[in-house]
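Okay, so here's the structure we're looking at.
Just so you know, all these numbers are worked out from the coordinates, no wet-lab data involved. What you see is a predicted model, and the numbers here were worked out from it, not measured in a lab. As a convention, Cβ positions derive from the backbone with ideal geometry for all residues, glycine included, and neighbour counts pool all protein chains shown.
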Amino acid sequence: MEIERHEYDVVVIGAGGAGLRAAIEARQQGKRTAIVCKSLFGKAHTVMAEGGAAAAMGNVNSDDNWMVHFRDTMRGGKFLNNWRMAELHAKEAADRVWELEAWGALFDRTKDGKISQRNFGGHEYPRLAHVGDRTGLELIRTLQQRVVALQQEDYETHGDYEAYIKVFQECTVTRLLKDASSVHGPAGAISGAFGYWRETGNFILFDAPAVVLATGGIGKSYVVTSNSWEYTGDGHALALLAGANLINMEFIQFHPTGMVWPPSVRGILVTESVRGDGGVLRNSEGKRFMFDYIPDVFKDKYATTEEEGDRWYTDQANNRRPPELLPRDEVARAINAEVKAGRGSPQGGVFLDVSTRLPAEEIKRRLPSMHHQFKELADVDITAEPMQVGPTCHYIMGGVEVDADTGAAAVPGLFAAGEVSGGMHGSNRLGGNSLSDLLVFGRRAGLGAAEYVNALPARPAVAQESVDAAKAEALAPLERSGENPYEVHHELQRTMNDLVGIIRKAEEVSEALEVVEKLKERVELVGAAGSRIYNPGWHLALDLRNMLLVSECVARAALLRQESRGGHTRDDFPGMNPEWRRKLLVCATPDGAAVTVEEKVQPPMRKDLFDLFDLGELKKYLTEEELGNAE
Ligand code: FAD
């Protein structure tokens, strides 16, 4: 059968916040742009974001500015962040939020009519621009509206709405294609992408010199996750297989508050805004246990008594914030420890209570989705009783290693932005910093891709050999009747959850790697019954390659990093080690099958950024040598 073929300048894979912002930019730079997404257009993960987008606009507290945001982000990431990305993000996030408003976003307002901003864990000042607890939905709505506005402009000029920007929805990319002269290895430029239509199973080929990956995260490799079905690490794997590198893969954020009951909805997110707006965590003894878990590095920044913590909600200038608002990694570990110590809730979580803290009407006004979610899914009225919550796999800090300014990966023509990229959040992301990351780096990757295309002397050609190989690889599961893809998937999820989860040990991670090796062999035998027409078993069989590759990266890096930092906690190496802070673990797959991991030392922080911190604080994180060099 003929493969449908399309020519573009830039192909953006993913229609979440990062993908849409990248596509808008590429089109605004005059590039013919395709947006390809595995799910329905508008159903990206970004839609689920509840709390808001972090940007130092200073609307609620005028002391806020990009430098405070930069400092908070570096602290949250335990100083492992790519500081250039953290700098660009802190400086540009506010402009990106204002731009959204200019494109029609309707944010909640302060009394004097400015965009309102709410408190969130790890942010010194109220900083999250939000729309109730449905911010992601508004962000996507606005970006889609912008795409439509551009299409209307194109109709005026070219008589064709889709002349310069076209959406291919329910279309899954399975391989990136490279220039004919170098099909294998890291050298050689991107020449396109290969995929299939979900509905018909027919193949599609995009001939394009630049590809922006914006495919989001990897949560579906774990059993308990806040992530939806399309988070199978596709972009991470596509980049690896094309010869790019992944960094920081050991750092996975377990959000402290997922629903724990009933089992059918286990893992679904309970937004951090519940705590930002006054909700507190208690154990089965009714104790606000977070006061027992303030780490030394944060001791001077958090309240040590309930009275002070409570006063902070109304007087932030004279009180320290309550420890329920510590960065997510700290809160998740604390909940895990309370449950392990036998002080958990009946269904294995802890209690999150907002009902005794705010009037019912206020809860319904500020947290409408949470009220609805608990009522519908767990028959719990959060205005009258506490929620039961526990850690859930939420976000991966690791991803494609990119140039901070342009989003360019190691393979010419390949760009990445959003959750699929790595570096910006270091070892732990602060809540709200993802939505702003999508906008800042989505725009930069779209621009980077457009400028790359402008500078190309000639268009790279698609190698027929790689198209044939991609087609054969995609068809293989349909031609076998072996292993069941659902069983392989379930075993992978259990293994990652139990052995490479929130607390890790060398023996357990090694055991996980042995399981992954065996599963890799089994995946080669996975078969999918039925035809190519709307066949979820076949789709999962294809996704398994990606989940296994990504899981192997996570486990290999987790085994190597002998310290605990952010989203990587080693039971056998409990402390942070400044020598490890400087190192990135870089995953690659030179032969397209086995994962290699190499250490790479990060460049030292620029002097003017270094000087934004108190030396006493930096001493907690940096090596003597780094401190000496900067002085
Ligand atoms: P996504 O929005 O997930 O988009 C990925 C896109 O890639 C989708 O269109 C998907 O279909 C497509 N795709 C994937 N694979 C393929 C493929 N092979 N071929 C074609 N298309 C593909 N962050 C915040 O900052 N603030 C919040 O309040 C917040 N709340 C959250 C609440 C929940 C419940 C969750 C799960 C996350 C939350 N986050 C929040 C995190 C944030 O929402 C995500 O990190 C962010 O939306 C990721 O955006 P993205 O553009 O990178 O990817």
Checklist entry - Rounded, prolate or oblate: which fits the stretch 294-411, taking a ≥ b ≥ c as square roots of the Cα gyration tensor eigenvalues, rounded meaning a/c under 1.5, else prolate when a/b beats b/c? => result prolate
Item to check | Cysteines having no other Cys beta carbon under 4.7 Å from their own, within the chain | outcome: CYS37, CYS171, CYS393
Next on the checklist: Give me P(r) over the stretch 145-221, computed from all C-alpha to C-alpha distances, binned every 5 Å, as integer percentages.
Outcome noted: 3, 13, 16, 16, 19, 18, 9, 5, 1, 0
Next on the checklist: Rounded, prolate or oblate, given the Cα gyration tensor of the stretch 9-77, with a/c below 1.5 counting as rounded?
Outcome noted: prolate
Next on the checklist: I'd like the Karplus ³J(HN,Hα) series for the stretch 523-540: coefficients 6.51, -1.76, 1.60, θ = phi - 60°, whole numbers in Hz, and an x wherever there's a Gly or Pro.
Outcome noted: 4, 4, 9, 4, x, 10, 6, x, 9, 7, 7, 5, 10, x, x, 5, 4, 5
Item to check | Residues of type lysines that LYS220 reaches as a straight line, Cα spacing below 17 Å, ignoring anything fewer than 8 places off in the same chain | outcome: LYS38, LYS43, LYS520
Checklist entry - Given the chain, what whole percent of its Cα pairs are spread farther than 30 Å? => result 51 percent
Checklist entry - One-quarter of the Cα convex hull surface for the stretch 84-141, in nm²? => result 4.6 nm²
Checklist outcome for this item: Computed ³J(HN,Hα) along the stretch 614-619: with the Karplus parameters 6.51/-1.76/1.60, θ = phi - 60°, integer Hz and x for glycine or proline, the list is 6, 4, x, 5, 4, 4
Checklist entry - Which distance in Å, rounded to a whole number, links the C-alpha centroids of the stretch 331-367 and the stretch 36-106? => result 27 Å
Checklist entry - When all C-alpha to C-alpha distances in the stretch 76-174 are sorted into bins of 5 Å, what percent of pairs does each bin hold, rounded to whole numbers? => result 3, 10, 14, 17, 16, 14, 13, 9, 4, 2, 0
Checklist outcome for this item: The answer for trypsin sites (Lys or Arg not before Pro) in the stretch 36-127 that fall in a DSSP coil and have at most 13 neighbouring Cβ atoms within 10 Å is LYS111
Checklist entry - Between ASP108 and residues 5 or more places away or on another chain, which pairs have amide H atoms under 5 Å apart, with H built 1.01 Å from N, and which residues are they? => result SER116, HIS130, VAL131, GLY132
Next on the checklist: Give me the one-decimal Kirkwood hydrodynamic radius in Å for the stretch 368-489, with the sum taken over alpha-carbon pairs.
Outcome noted: 19.1 Å
Item to check | the stretch 442-577 - convex hull of alpha carbons, volume per residue in Å³ | outcome: 180 Å³
Item to check | Separation of alpha-carbon centers, the stretch 438-478 and the stretch 193-236, rounded to whole Å | outcome: 14 Å
Item to check | ³J(HN,Hα), Karplus 6.51/-1.76/1.60, whole Hz, each residue of the stretch 277-288, x for Gly, Pro | outcome: 9, x, x, 10, 9, 10, 8, 5, 8, x, 8, 7
Checklist entry - Over the stretch 206-249, how many percent of alpha carbon pairs lie in each 10 Å bin up to the one with the longest distance? => result 25, 49, 22, 4
Checklist entry - How big, in percent, is the set of alpha carbon pairs in the stretch 111-153 lying more than 15 Å apart? => result 58 percent
Item to check | GluC sites (Glu not before Pro) restricted to the stretch 1-56 and DSSP loop, no more than 14 other C-beta within 10 Å | outcome: GLU2
Checklist outcome for this item: Projected onto their principal axes, the Cα atoms of the stretch 113-263 stretch, largest extent first, over whole-Å spans of 51, 46, 33
Checklist entry - If you wrap a convex hull around the C-alpha atoms of the stretch 421-503 and split its volume per residue, what is the figure in Å³? => result 177 Å³
Item to check | Kirkwood-based shape ratio for the stretch 538-631, expressed as Rg/Rh from alpha carbons | outcome: 1.11
